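Heads up: the structure comes next, in structure tokens.
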Amino acid sequence: MDPASVAAAMVAAQMSQAQMAVAAKIMRMNADNSASIAQLVDAAAKNASSLANVAPGLGQSVNISV
């Protein structure tokens, strides 16, 4: 192999390594976001179940004066 081919192969290998690192970071970020969304939905479900036994119409009329 000539030196130019070796150099081109090394540059391509470095670029692919950087692309893999970026892809791994994006996958970790997506997994973290999915976990956060799941926690938010779980908390909303818990709050809704705790409000299931309150009187009908509670919280519909709010009077705010400044």
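Rule-based calculations on the coordinates, nothing more; no lab input. Model, not experiment: these values are computed from the prediction.
Observations
- Residue by residue, region 21-31 carries 3J(HN,Hα) couplings of 5, 5, 4, 5, 5, 5, 5, 5, 5, 5, 5 Hz when phi is fed to the Karplus relation 6.51 cos²θ - 1.76 cosθ + 1.60 (θ = phi - 60°); x denotes Gly or Pro.
- For region 37-46, Karplus couplings with θ = phi - 60° (6.51, -1.76, 1.60), whole Hz, Gly/Pro x: 5, 5, 5, 5, 5, 5, 5, 5, 5, 5
- Debye-formula intensities of region 1-40, expressed as log10 I(q)/I(0) at q = 0.21, 0.28, 0.33 Å⁻¹, are -0.68, -0.83, -0.94 (one equal scatterer per alpha-carbon, no solvent).
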